Amino acid sequence: MDLKDLDTSGVTDMSSMFLACDDLTTLDLSSFDTAQAEMEDMFAYCSSLGSVTVGDLWKTEPGRGGDTLFHGCEQPVKILAGGERCVLK
């Protein structure tokens, strides 16, 4: 799925955007601007999701759903940003 040209700068709610997308294995969201967006359960129940690439405009804050981004995912999801890796469980 190619989302590199998607303008998300004015989006205020990305909650459940990819909810239960079982066929997703990787996503490149490096162009996503999430500064103003709620993101509760954004990737919840994506059983095959292994990694998400994010860029400089990717922001999560307490109270905007960052704690439930990967709710119900069956495996740890790698977040790739600027060449650094961290694993969320």
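The values are calculated or read from the model by the stated rules, or taken from the named source; none is laboratory data. On a predicted model such as this, the values are computed, not experimentally measured, just so you know. A quick note on method: Cβ atoms are made from the backbone with ideal geometry, for glycine too, and the neighbour counts reach across all protein chains shown.
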Out of curiosity, is Glu38 surrounded by 15 or more Cβ atoms within 10 Å (Cβ to Cβ) and at pLDDT 85 or above?
yes
Just to verify a result, which residue in region 41-64, among those that are within 11 Å of the chain's Cα centre (by Cα) and more than 20 Å from Met1 (Cα to Cα), is modelled with the lowest pLDDT?
Thr60
Given Phe70, Phe43, which one is touching a His at 6+ places or on another chain (Cβ under 9 Å), surrounded by 17 or more Cβ atoms within 10 Å (Cβ to Cβ) and not charged (D, E, K, R)?
Phe43
